[in-house]
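Step one of this worksheet: look at the structure below.
The values are calculated or read from the model by the stated rules, or taken from the named source; none is laboratory data. Just so it is clear, the model here is predicted, and its values are computed rather than measured. Because the Cβ atoms are built from the backbone with ideal geometry, glycine has one as well, and the counts that use them run over all protein chains shown.
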């Protein structure tokens, strides 16, 4: 009995992790190309609201998701234009959009607050669903959850195994070297910023149409998710698989907060609900520490044997950001 | 080789430059260059730093477009708009800083930029790679990550890649910088094989020794002008003269050095990838001027920075005025009267976005109350502008000054009573008048007992102003030489790695 | 091009940004079938219609101004102190905590208020210092370190309101038990704004203005922000200055939090920072990080916030419209600056 409940909960973790997984993959693609799209927090809210709205109006989940992607792509286009073409600070533009899109979502979403909309139901996969444990965990989910899982593999394959993916890595790592190999750096950066933005925009409606159905304004509970996505992107070391692990970890911690609540009455429930956020970001500390100067000096001063081991451990935790992340590319 | 490119492309290609001109702002980097390079040969392009070699090669490889002039491949005029264009024409360039992707594996580096299906076949690429590298006797591990390779190995990778992409003409920009002698031998052997196959090899260098060992013909550039072409066998003295110009009679030198030692290096060992400098023992006396001669990247900049705490030594000691500062940071060196003027003025020297007056405010020791006495520092700036002949105003941001004026400003910012001033290329980019002025100012300080330790690519400058000279070559440091008995020719050969054994009686193999 | 002409062109582009943002918001209003002009008029009325409203604007203006003052310090060293929200919150928590300690003592209320405000400033500084430590010693980008600390501050705040400091019997979103009136910063007659908090704001602005414009310290901060390597080479200890700029910012943010507690809400509430930190970041961008325009622009933003309150009451529109207006204003001004630089050359 207890096992069933846990399994049910874990299946829920896979489902509620889905939007984070998709958004993290989107941002990973964008940052792999060397562009930081900091607007995520606003984009997820805005696409969640508009996606829900469109789904209500059209009574179609598909159009809801599509609308969310369009919103994400549009906002990403603004980021791309200001940072790639106009060479304004990516951080500044992204931050402004994060705030503005959030407010826009609350403003435009006001009339549809509390409306009933379509909800994506789960579709069990025949045969596979009957596999013990795994079937319950993975194969009695909604279509979008399946897509999110497939996407992890596809994105990983794209970045690390395909020709354009290798070039993508190159563009974010050393644009000049990509340029001598024939890449149109600016165009590709636009492309991946917009594609990444569209994926982030898919995460929004996934909340309002499936994970946390409906639009409830400021209490929808999505404010902050976008910032977490950015943190998980770093935590994931710009690798979709590791990033997906981070996303599920976050969803798991949130679930754990809910589960533990009755047992920890001394801690107000609101604290447990936000607890995963700081935990996730503090994880960044460990990921980044190896890059600091004092740590390098400390390691350099260790005896050889210990040093090699320490370097190995740090290396495996570390996430090395794309070399040209956040810097514009000039042809000469 | 199964690369589709090699099959359709011709194997040989003659390259010709016609009246190439290129300006960078006021600098005429290439002046009417005419040059014809035959396929199947190794053609050297020799010249000092800033002579216009790289500019010319970047024009050929599509990185920059000339202001005027044409490029002919096999007598046909072509327009090369981008590096990708160049490679389609069969021109590949090996850049001085390898343009590769350090966090990727070798084989991935090899593939990036190669056209083909969505998923590249690692198996067949691996086979090509192995076949290709066997031809040149390279032994690279295709699964290794590029950041674990030495510069020499990264070059090998890049050469293989360019050939695989179909390069018939191969440009190598200063390829022997930072590689071991063994790797150099391998590189030269590979280049000779390629030339025999009929490929056009353009070898850009400022190292006499390398050019002499490898090239069948050399073109010499000086200050953007093609000075001449010389076929092998070469006369070193003639090449030196063409590179550096006629020897100007040296002005009066005055040795101001005193007995007191202000800086001592003891068994110093510093490392900065890819160079390491070992066993440096040296004493700098008060009032003395030491010139560090060497081709760029031979290690002189590393030693200089180690003397001021910007690079921490791995072992050995740096002693300033009898105080061991080996593991202290730069700020402590400053407190002990050591000051450093770097070559990249706007990155490390002056703060872009701040005015001249603000620079004097930061750099000055006086009037350090809470509030800035703006009038005082404006006046000070005016005074210094006057004294150092800076063309500018106190309220002008430093980045809007010309290079020479930035350098004067940097000099004028130095505190008054310094023990040691370390300079990187103190007169680079300055006209003769400014250079003479700079040195006048520096010598004034020597008279007050300040010692100077400077790097220069200009050998005449080194001979003219140093009391003693340290020569650098690939991380090796010579014992100090007396500047008054050293000739320009001698120095020119030494920095090219020639004649070390005779002069220093060293057993080291270079 | 002479100076006055470049300046007027620059102004023209900035006005262009304003026009575009108004247009953008108008389009949005038309989309939701509202009258743009009516909405703008309502906001204006809502902010300036009577003395009470004007005093409410000042209530917002004070913390907004203080927070932005602090941010100018971190921006001067080239850093994005997104942790500002948490710094305000922790300032408010410290103030509340210290005040609770002294409520039952015989100390004079004036002294208690003073100590509590100082505690708030220290709290903000500690929180900012943490972001600085994460940045300089942990290698964590200040944006993410700051965000993490924001979340922690929020959790702490809510935890206290619902836990240790909850109202007897009724722990709720309405906050902790209000302080007795003698522990409030005195206000003008019936108006909400306190003369003291306005004085703090003005003093803060003057301090930050002179610090950045006139002191050696401010100049060194600027040098670190403009060129860290060069600044270090000129003898400025860079990480120490980065830390100090964080701590100064934290002092200001903490003061803003303390004022929220002592002069505005008289207790700790869940959203004590009211989003002023992020708003301050936007103001700082809009004034191009120069203190000189800070007071009027902050006043403008405060007026929008207060005026926006009328929107739901009269037009049944969400008040977040003012946020959209503020955000799009900053965005369009930035884009028009970029366009100017790209097509008319730099500066």
Exercise. What is the residue count in region B:147-159 for residues that are surrounded by fewer than 22 Cβ atoms within 10 Å (Cβ to Cβ) and in contact (Cβ under 8 Å) with a residue 40 or more places away in the chain?
Worked result: 4
Exercise. Just for region B:161-191: of the residues that are closer than 13 Å to residue B:44 by Cα and assigned to a helix (DSSP H, G or I), which one is nearest to the chain's Cα centre (by Cα)?
Worked result: B:188
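Condition test on residue B:90, is it on the phi > 0 side of the Ramachandran plot and buried (at least 22 other Cβ atoms within 10 Å of the Cβ)? Full working, then the answer.
Details: on the phi > 0 side of the Ramachandran plot: yes; buried (at least 22 other Cβ atoms within 10 Å of the Cβ): yes.
So residue B:90 passes the test.
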Problem set entry | Counted residues, region A:201-231 - those being crowded, with 24+ Cβ neighbours inside 10 Å, closer than 20 Å to residue A:253 by Cα and within 13 Å of chain C (Cβ to nearest Cβ) | 6
Problem set entry | Any hit, region B:35-54, residues being surrounded by fewer than 15 Cβ atoms within 10 Å (Cβ to Cβ), without any contact (Cβ under 8 Å) to a residue 60 or more places away in the chain and under 22 Å from residue B:197 (Cβ atoms) | yes
Problem set entry | Which numbered condition residue C:137 fails, given (1) under 26 Å from the mean Cα position of the chain (by Cα); (2) within 11 Å of chain A (Cβ to nearest Cβ) | (1)
Exercise. Would you pick out the residues in region C:206-227 that are surrounded by fewer than 21 Cβ atoms within 10 Å (Cβ to Cβ), touching a helix residue (DSSP H, G or I) at 6+ places or on another chain (Cβ under 7 Å) and more than 9 Å from chain B (Cβ to nearest Cβ)?
Worked result: C:209
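One line per residue, one yes/no per condition, for (1) within 12 Å of chain C (Cβ to nearest Cβ); (2) in contact with a strand residue (DSSP E or B) (Cβ under 9 Å, 6 or more places away or on another chain); (3) under 19 Å from residue C:328 (Cα atoms):
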| residue | (1), (2), (3) |
| --- | --- |
| A:37 | no, no, yes |
| A:45 | yes, no, yes |
| A:52 | no, no, no |
| A:59 | no, no, no |
| A:64 | no, no, no |
| A:87 | yes, no, yes |
| A:91 | yes, no, yes |
| A:95 | yes, no, yes |
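Here's the yes/no breakdown for (1) over 21 Å from residue C:73 (Cβ atoms); (2) within 10 Å of chain A (Cβ to nearest Cβ); (3) crowded, with 18+ Cβ neighbours inside 10 Å; (4) over 16 Å from the mean Cα position of the chain (by Cα):
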site	(1), (2), (3), (4)
C:296	no, no, no, no
C:329	yes, yes, yes, yes
C:340	yes, yes, yes, yes
C:344	yes, no, no, yes
For this session: Among what's in region A:31-70 and is over 21 Å from the mean Cα position of the chain (by Cα) and assigned to a loop (DSSP other than H, G, I, E, B), pick the residue that is nearest to residue A:115 (Cα to Cα).
Result: A:59
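Table: residues versus (1) in a helix (DSSP H, G or I); (2) modelled with pLDDT of 95 or more; (3) buried (at least 24 other Cβ atoms within 10 Å of the Cβ).
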position	(1), (2), (3)
C:67	yes, yes, yes
C:91	yes, yes, yes
C:119	yes, yes, no
C:132	yes, no, yes
C:146	yes, no, yes
C:150	yes, no, yes
C:153	yes, no, yes
C:159	yes, no, no
C:172	no, no, no
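Just checking, which of A:48, A:105, A:23, A:76 is under 24 Å from residue A:184 (Cβ atoms), buried (at least 24 other Cβ atoms within 10 Å of the Cβ) and touching a helix residue (DSSP H, G or I) at 6+ places or on another chain (Cβ under 6 Å)? Step through it out loud before you land on a result.
Working: A:48 fails: under 24 Å from residue A:184 (Cβ atoms); A:105 fails: under 24 Å from residue A:184 (Cβ atoms); A:23 fails: under 24 Å from residue A:184 (Cβ atoms).
A:76 is the lone residue from the list that is under 24 Å from residue A:184 (Cβ atoms), buried (at least 24 other Cβ atoms within 10 Å of the Cβ) and touching a helix residue (DSSP H, G or I) at 6+ places or on another chain (Cβ under 6 Å).
Residue under question is residue B:292, and the condition is that it be buried (at least 17 other Cβ atoms within 10 Å of the Cβ), within 14 Å of chain C (Cβ to nearest Cβ), in contact with a strand residue (DSSP E or B) (Cβ under 7 Å, 6 or more places away or on another chain) and at pLDDT 90 or above; does it hold?
Numbers: buried (at least 17 other Cβ atoms within 10 Å of the Cβ): yes; within 14 Å of chain C (Cβ to nearest Cβ): no; in contact with a strand residue (DSSP E or B) (Cβ under 7 Å, 6 or more places away or on another chain): yes; at pLDDT 90 or above: yes.
No: the conditions fail for residue B:292.
Does residue C:55 meet the test of being under 20 Å from the mean Cα position of the chain (by Cα) and either at negative phi or surrounded by 23 or more Cβ atoms within 10 Å (Cβ to Cβ) (or both)? Write out each step before concluding.
Values: under 20 Å from the mean Cα position of the chain (by Cα): yes; either at negative phi or surrounded by 23 or more Cβ atoms within 10 Å (Cβ to Cβ) (or both): yes.
So residue C:55 fits the description; yes.
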For this session: Report yes if some residue within region C:127-145 is without any contact (Cβ under 8 Å) to a residue 12 or more places away in the chain and farther than 30 Å from residue A:234 by Cα; otherwise report no.
Result: no
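Would it be correct to say that residue A:129 is at pLDDT 85 or above and more than 15 Å from the chain's Cα centre (by Cα)? Quick ask: steps written out before the conclusion?
Details: at pLDDT 85 or above: no; more than 15 Å from the chain's Cα centre (by Cα): yes.
No; evaluated as a whole, the condition is false for this residue.
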Exercise. Filter region C:298-327 for residues that are in a loop (DSSP other than H, G, I, E, B) and within 11 Å of chain A (Cβ to nearest Cβ); which is nearest to the chain's Cα centre (by Cα)?
Worked result: C:320
For this session: Please verify whether region A:119-136 includes one or more residues that are within 14 Å of another protein chain (Cβ to nearest Cβ) and either closer than 30 Å to residue C:146 by Cβ or free of Cβ contacts under 8 Å to residues at least 12 places away in the same chain (or both).
Result: no
Seminar exercise, completed: Note on residue A:70: of the conditions (1) surrounded by fewer than 21 Cβ atoms within 10 Å (Cβ to Cβ); (2) over 30 Å from residue A:327 (Cα atoms); (3) in contact (Cβ under 8 Å) with a residue 12 or more places away in the chain; (4) away from chain C (no Cβ under 12 Å), unmet is (2)
For this session: Could you tell me whether residue B:328 is more than 7 Å from chain C (Cβ to nearest Cβ) and either surrounded by 20 or more Cβ atoms within 10 Å (Cβ to Cβ) or within 23 Å of residue C:226 (Cβ to Cβ) (or both)?
Result: no
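Considering B:403, B:449, which residue is under 29 Å from residue B:376 (Cβ atoms) and modelled with pLDDT under 85? Full working, then the answer.
On the way: B:449 fails: modelled with pLDDT under 85.
When all the criteria are applied, what remains is B:403.
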Seminar exercise, completed: Per the filter on region B:86-102, residues more than 9 Å from every other protein chain (Cβ to nearest Cβ) and assigned to a helix (DSSP H, G or I) are B:89
Exercise. Would you pick out the residues in region B:59-83 that are surrounded by fewer than 21 Cβ atoms within 10 Å (Cβ to Cβ), in contact (Cβ under 8 Å) with a residue 24 or more places away in the chain and not in a strand (DSSP E or B)?
Worked result: B:64, B:67, B:74, B:75
For this session: Return a yes/no flag: does region B:132-146 have any residue that is within 14 Å of chain A (Cβ to nearest Cβ), assigned to a helix (DSSP H, G or I), under 19 Å from residue A:167 (Cα atoms) and free of Cβ contacts under 8 Å to residues at least 60 places away in the same chain.
Result: yes
Problem set entry | Members of region A:257-275 that are out of contact with any helix residue (DSSP H, G or I) (no Cβ under 8 Å at 6 or more places or on another chain) and either under 19 Å from residue A:16 (Cβ atoms) or more than 11 Å from chain C (Cβ to nearest Cβ) (or both) | A:262, A:263
Seminar exercise, completed: residue B:340 fails exactly one of (1) facing another protein chain (nearest Cβ under 9 Å); (2) without any contact (Cβ under 8 Å) to a residue 60 or more places away in the chain, namely (2)
